Amino acid sequence: MNFKFIKTLRQKSVEVVSVLSVIVLWQFTADWIVQNKLKLPSFYDVLVSFFSILESGSFFTDLLISLLHFGIGTIAAFLVGIPLGIAMGWFKKTSRAMDPIIEILRPIPPLAWIPFAMAWFGLTPTAAGFIVFMGMVFPIIINTYTGFKNIPKIYVEAAKVLGCNSNRELIRYVALPSAMPSIVAGIRIAMGVGWMCLVAAEMFGVNEDGLGYELWQSSHLHRMNFVLMYMLLLGFLGLFIDRSFRYYAESKLLKWKAGIVV
C-alpha cells in the first residue's frame, strides 16, 4: 500500500514539476526576452487578470453562459447523432439513404453555418448551441455507425440462439454494449470539436456573451493579458469536461472493460 502511494506521489510530482517549469520559462521569456506585454504577457500579468474578473463577478456569468451554449449543442447532438448512427449501422436501407447526405454535409466547416444560425435564431443561446451541434453531430454519427458495423457476427448469432430475436433486443443487449467503446470515443472527439466551435461562435458574435465573446472583445482593446487568460481558462475547462466525461464513461458505461486492463 505504501509502495503504491509513493509511486502515485512520484507520478504527480513529475506532472507538478513539468507545469512549474513551463510557468518559470514563460515568466522568464516574457520579462527578459520578449519584454513586450502586447506580444507576450507574463504569467503574473495573466494571474492578476484572472483575479480581477473574479472580483468583478463577470467570470461566473460568462462561464454559465458558455456552458449553456455548450449544453444546448451537446444535448441536441446526442439526441440526433446516436440514434441516427445506430439506425445507419443496423439497417442497410437507412445507411444507403443517409450516407450521401451526411457525406455532403460533413465536410462543411461548422463556422460556415454562422450566417444561417444568426438568421434562424438571432443573437440567442440557441444560435451558439446550433454551431456547437454542427461541430459535434458528425463525429458522433460516424463513430456510432462504425461501432455498430464492427460488431462480430457471432455475437448476434449467439444472441439469437439464446432467444434474443427482435431488433430492439439485439440492439439493446448485444449491439449497443459492443459498440459503446467506439461511441464513447466519438463523443470525446465531438466534445473537443464542439468546445472549439463554441468559442468561435461566441467570438463571431452569434451571442454577445460568454468566454469566447470576452476573449474577442479583449483582443479589440489590446488587453493581451486578458486574451491569454481567457485562452487558458478555455483550455482548462475543456480538459475538465473531457476528464469528467471519461471518468463517467469508464466507471459506468465501460465498467465491463475493467477486467481486460493488465
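The values are calculated or read from the model by the stated rules, or taken from the named source; none is laboratory data. As the structure is a computational prediction, the values presented were derived from the model and not from experiment. Neighbour counts run over all protein chains shown; Cβ positions are idealised from the backbone, glycine included.
The criterion of being assigned to a helix (DSSP H, G or I) and surrounded by fewer than 17 Cβ atoms within 10 Å (Cβ to Cβ) does not hold for Phe148.
When the residues of region 103-133 are narrowed to those that are of a type in the set (Phe, Trp, Tyr) and surrounded by 13 or more Cβ atoms within 10 Å (Cβ to Cβ), which ends up farthest from Ala200 (Cα to Cα)? Checking each candidate, the answer is Phe121. Only a single criterion out of (1) part of a loop (DSSP other than H, G, I, E, B); (2) under 16 Å from the mean Cα position of the chain (by Cα); (3) not aliphatic (A, V, I, L, M) is not satisfied by Cys164, namely (2). What about Ile140, is it closer than 18 Å to Ser182 by Cα, crowded, with 16+ Cβ neighbours inside 10 Å and either in contact with a strand residue (DSSP E or B) (Cβ under 8 Å, 6 or more places away or on another chain) or in contact (Cβ under 8 Å) with a residue 12 or more places away in the chain (or both)? Taking the combined requirement at face value, the residue satisfies it. For region 152-210, the set of residues classified as polar (S, T, N, Q), modelled with pLDDT of 85 or more and under 29 Å from Gly129 (Cβ atoms) consists of Ser182 only.
In the set (1) modelled with pLDDT of 90 or more; (2) not aromatic (Phe, Trp, Tyr); (3) not in a helix (DSSP H, G or I), Leu123 fails one condition alone, (1).
One residue is enough: does region 33-51 have a residue meeting the conditions within 30 Å of Arg168 (Cβ to Cβ), loosely packed, with under 14 Cβ neighbours inside 10 Å and under 28 Å from the mean Cα position of the chain (by Cα)? Taking every residue of region 33-51 in turn, none turns out to be within 30 Å of Arg168 (Cβ to Cβ), loosely packed, with under 14 Cβ neighbours inside 10 Å and under 28 Å from the mean Cα position of the chain (by Cα). Reported count of residues in region 151-161, each being part of a loop (DSSP other than H, G, I, E, B) and surrounded by fewer than 14 Cβ atoms within 10 Å (Cβ to Cβ), is 1. Taking the criterion of being in a helix (DSSP H, G or I), touching a helix residue (DSSP H, G or I) at 6+ places or on another chain (Cβ under 7 Å) and farther than 30 Å from Ala200 by Cβ, would at least one residue in region 134-143 satisfy it? No, the conditions are met nowhere in region 134-143. Is it true that some residue in region 60-83 is over 19 Å from Glu202 (Cβ atoms), crowded, with 19+ Cβ neighbours inside 10 Å and not β-branched (Val, Ile, Thr)? Yes, the conditions are met somewhere in region 60-83. Out of everything in region 229-238 that is surrounded by 11 or more Cβ atoms within 10 Å (Cβ to Cβ) and among the hydrophobic types (A, V, I, L, M, F, W, C), what residue ends up being farthest from Phe50 (Cα to Cα)? Across region 229-238, the extreme among qualifying residues is Leu237. Filtering region 115-124 for residues that are free of Cβ contacts under 8 Å to residues at least 40 places away in the same chain and of a type in the set (Ser, Thr, Tyr) leaves an empty set.
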